[in-house]
Ligand SMILES: Cc1cc2nc3c(=O)[nH]c(=O)nc-3n(C[C@H](O)[C@H](O)[C@H](O)COP(=O)(O)OP(=O)(O)OC[C@H]3O[C@@H](n4cnc5c(N)ncnc54)[C@H](O)[C@@H]3O)c2cc1C
C-alpha cells in the first residue's frame, strides 16, 4: 500500500505503463522557477487543461499550463482509450432528469466532442491509432431489452442509426467469450492510444505559444482584486483567469468543490503482444468492448496487438500493491484462453464520479476561476469538449458552457470526511449485486 499527501503523488511507486512506454516525454519548460504574469493560468496537464489551453491561446490570450508531474500523468494518460459519444448515462435517463430539450443539447455536444477529437487528430497528424467501433456486452438478461429499447429510442428521438444489436450467437462470433448474452455495437464511437493523443495535443498547444511547466504543483489559488494569485513552490503566477483541470486528482484548490465527486482508482493491464491473427480470434473486428456491470470490464487491443484490459476499482486513497493479479483475475474470467499470456504492464488511474454521472462545470471567484470535472469514466471526448466550452465561456460566449454548468450536482454528505467510506459501502453493494447476477 502506498499513500502520499496529494492525489497526484499516488502513482509514485509504480512501474512504467504501456502508454508511457509507447511515447517520448514532452519537451516542456519543465519547472516554473520564477514569478510570472499572464492572461490565463491552467492547472492540470490532462485533456481538459490542454484543450482549454489550445482554445484560449487560439483566441489570442497568453496562456501557461502548470502540471504537478508530467503531461498526461493523470487519467488522460492512463485510461481505456474508448472515445465514446454521448454521456456516461443513456439519453433516456438524462431526459428523465433534465427534460428532453436539455438532454438533446447534451447529446449533440457529445457527438461534437468525438468529431472534434477526430478533426484534431487529422489536422495535426497525431499518430494515436484511431479505430472505429465500441461494443457494449450484456451480462444480464435485462440488458437485452434495454439494448432494444435504446436502439429504437435513439432512432426515433435523435435520428441516431449508429447502433447494431448482436444476439447471443452473433456476439460470440465477434467476442470470443462465453460471458455475454448479447451485444450493442456503437459505430459512432472509437478507440485510441490516449497518451499519444494527450501529448499530441500538448504539442499543438505549444505551437500556439502555450508555455507548459511540468513538475509544478499548484498549492493554492487566491482572489486578489480583479486578478487571481496562483501559488507554486518556486513561483507566483498572477492571472486574469484560472482554469482548474485536475478532475479526480483535485485536492483542496477549489475548497469544498471536491465533495461534488468521488475519486475512484481503476486498474489496467497490458499483455504481451498477441499478434494480429490471435488478437482477431478474440475480438474479430478489433472493437473496443465494455460490459454492463456496475464495476465494468473494458478492453481493446493496442496498436501492437496487446490486450489492454481494464477493470476492478478501489476507493481508498491507496492504490493496490499488485494491479497485475487484481486485473488478470478479471481478464481470465472473461477470456480463459489468456491464462498463460504474459502481462507486460499494469497501472492504475484515478477518475472522478459524480452522483448523477454528468460532468460538473462551473466558475468561482466572480467568474475568474473556471473548472470542469466529474466525467464519471466517460471523459476522453468530453474533457476535450470541456476545454472548448471553457474557452467560449471565458471569451464571453456563455450559452454552451451553461448546458453543463446549469446541471444541479449533489455533494457527498460530509464529503471531506466520508466521501471515500460512503462510496465504499455503495461499491460493496454493487460488487455483491454483480456477483449474484454473474
Ligand atoms: C483507469 C481509467 C480508465 C478510463 N477509461 C476511460 C475510457 O476508456 N473512456 C473515457 O471516455 N474515459 C475514461 N476514463 C476517464 C478519462 O480518462 C478522464 O475523464 C479524463 O482523462 C479526464 O481528463 P482531465 O484532464 O480532466 O483529468 P486528468 O487527465 O486526470 O488530469 C488532471 C491532471 O491534474 C494534475 N494535477 C492535480 N493536482 C494538481 C495541482 N495541484 N497542480 C498541478 N497539477 C495538478 C494531475 O497530475 C493530472 O495530470 C478512464 C479513467 C481511468 C482512471
>> Sort 150, 112 by Cβ crowding within 10 Å, fewest neighbours at the top.
In response: 112, 150
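Report the extension gain between residue 280 and residue 233 in nm, rounded to one decimal, defined as 0.36 nm multiplied by the number of residues separating them, less their alpha carbon distance.
Here the answer is 11.9 nm.
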>> I want to check the label-to-label distance for residue 251 and residue 203. Put each point 7 Å from Cα in the C-beta direction and report it in nm to one decimal.
In response: 3.2 nm
>> Compute for the range 3-57: radius of gyration divided by Kirkwood radius, i.e. Rg/Rh, restricted to C-alpha atoms, rounded to two decimals.
In response: 1.01
>> Pairs of alpha-carbon atoms within less than 8 angstrom and 6+ residues apart define the contacts here; what relative contact order does the range 1-157 have, in percent?
In response: 16 percent
> Tell me, 298, 371 in order of fewest to most beta-carbon neighbours within 10 Å?
Replying inline: 298, 371
> Gaussian network model of the chain, Cα springs within a sub-10 Å range: biggest mean-square fluctuation belongs to which of 49, 84, 60?
Replying inline: 60
> Taking R0 as 25 Å, what's the FRET efficiency between residue 164 and residue 342 from their Cβ-Cβ distance, rounded to 0.05?
Replying inline: 0.15
>> I'd like the orientation of helix 194-207 relative to the chain: the angle between its Cα long axis and the longest Cα principal axis, in ° from 0 to 90, rounded to 10.
In response: 30 degrees
>> To make sure I understand, if each residue's beta carbon is the centre and we count other beta carbons within 10 Å, what order do 108, 51 fall in, fewest to most?
In response: 108, 51
>> If I take R0 = 25 Å and measure r between the Cβ atoms of residue 124 and residue 398 in this structure, what FRET efficiency does the formula 1/(1 + (r/R0)^6) give, to the nearest 0.05?
In response: 0.35
> By the gyration tensor of its Cα atoms, with a ≥ b ≥ c the square roots of the eigenvalues, what is the shape of the range 5-163: rounded for a/c under 1.5, prolate for a/b over b/c, or oblate?
Replying inline: prolate
>> Just to be sure I understand the model, the point goes 7 Å from the Cα along the line to the Cβ. What's the resulting residue 5 to residue 295 distance in nm?
In response: 3.2 nm
> What span do the alpha-carbon atoms of the chain cover on each of the three principal axes, reported in whole Å from largest to smallest?
Replying inline: 65, 47, 46
> If one computes P(r) from the Cα atoms of the range 104-244, what percent of pairs lie at distances over 18 Å?
Replying inline: 71 percent
>> Suppose R0 equals 56 Å. What FRET efficiency, 1/(1 + (r/R0)^6) with r the Cβ-Cβ distance, do residue 332 and residue 37 give to the nearest 0.05?
In response: 0.50
> Length gain on complete extension for the stretch residue 14 to residue 318, per 0.36 nm per residue less the alpha carbon to alpha carbon distance?
Replying inline: 108.2 nm
> Most mobile of 29, 229, 82 per a Gaussian network model of the chain (Cα springs, under 10 Å)?
Replying inline: 29
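No value in this document is a laboratory result; all are computed from the given coordinates. Fair warning: this is a prediction, and the values are worked out from it, not measured in the lab. Cβ sites come from the backbone with ideal geometry, for glycine too, and all protein chains shown count toward neighbours.
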